[in-house]
Amino acid sequence: MDNITTSYLNRAELWLCITILVYFLMNGAQIFETLVFVPKWTDAPPSNFKLLLDGRGPSLKNFWIVFHSLHEVTFILAIIFCWKIDFARDWLLILFAIHFAVRIWTLTFFAPNIIHFQKIAGTGESMEGLAIKTALWQKLNLIRVGFFVAVSIGLIPVCIKLCNLR
């Protein structure tokens, strides 16, 4: 860490701050969706599933693909630009691993279930235990959002310590 220049430190701070900003924006959208939108479509399955269909409600799929992609690029850039700073690199790698694990959970549980709920909305069919399945999705989503918020809060002490290197 001896040969870290002011320019290097400035780039590290910049990308970490951008990552934190984008993460908090993403958290705001997730919290809004969790508290406002999710209760509406999980309230009366399958009749409220129509809110999940593109053209009849917000297009959440495109929004989240773009937002998560942007965030993950900034997170990776923060790791790259903080690489020479041991404590920052190590914490960023740990936080990114947690973030990545939650993203895998999202892609293996939440996304397939939303797609299934959208298919039900499109066909009008119902299935046994649908209310239980949507209630479980809603409860687990609270945990998932909690993990994302915790990771973003975990970035703040790293940023503070990085800024105090000057």
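Quick note: the coordinates plus some simple rules give every number you see, no bench work behind them. The shown structure was predicted, so the numbers you read here are calculated from the model rather than taken from an experiment. For neighbour counting, all protein chains shown are included, and Cβ atoms are generated from backbone atoms with ideal geometry for every residue, glycine included.
Figures for the structure shown
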{"read-out": "Phi to ³J(HN,Hα) by Karplus 6.51 cos²θ - 1.76 cosθ + 1.60 over region 20-34, Hz, x for Gly, Pro", "value": "4, 4, 5, 5, 5, 5, 5, 4, x, 5, 5, 5, 4, 4, 5"}
{"read-out": "Extension gain, Ile153 back to Thr108 (0.36 nm per residue minus Cα-Cα distance, nm)", "value": "13.7 nm"}
{"read-out": "Near-label residues of region 90-105 by backbone N, under 18 Å of a point 7 Å along Cα→Cβ of Trp83", "value": "90-97"}
{"read-out": "Which listed pairs, of Lys61/Lys133; Lys40/Lys133; Lys40/Lys139; Lys61/Lys139, have C-alpha distances above 18 Å, in listed order", "value": "Lys61/Lys133; Lys61/Lys139"}
{"read-out": "J(HN,Hα) series, region 128-141, from Karplus relation 6.51 cos²θ - 1.76 cosθ + 1.60, nearest Hz, glycine and proline x", "value": "5, x, 5, 5, 5, 5, 6, 5, 5, 4, 5, 5, 5, 5"}
{"read-out": "Computed helical MRE - 222 nm, the chain, DSSP H runs ≥ 4 contributing -39500 (n - 2.57), nearest 500", "value": "-25500 deg cm²/dmol"}
{"read-out": "Spatially proximal lysines relative to Lys84 (Cα-Cα < 30 Å; intrachain offsets below 8 disregarded)", "value": "Lys161"}
{"read-out": "Unit charges at the beta carbon, dipole of region 1-122: most positive-side option, Trp83, Met26, Ile115", "value": "Ile115"}
{"read-out": "In nm, spacing of pseudo-spin labels at Val73 and Lys133 (7 Å Cα→C-beta vector)", "value": "3.5 nm"}
{"read-out": "Table column - 3J(HN,Hα) (Hz), region 148-157, Karplus curve with 6.51, -1.76, 1.60, x for Gly and Pro", "value": "4, 5, 4, 5, 5, 5, x, 6, 5, x"}
{"read-out": "Net +/- balance of residues flanking Arg89 in space, Cβ distance below 15 Å, scoring K and R +1, D and E -1", "value": "0"}
{"read-out": "Residues Ile160, Ile94, sorted so that the one with the fewest Cβ neighbours within 10 Å comes first", "value": "Ile160, Ile94"}
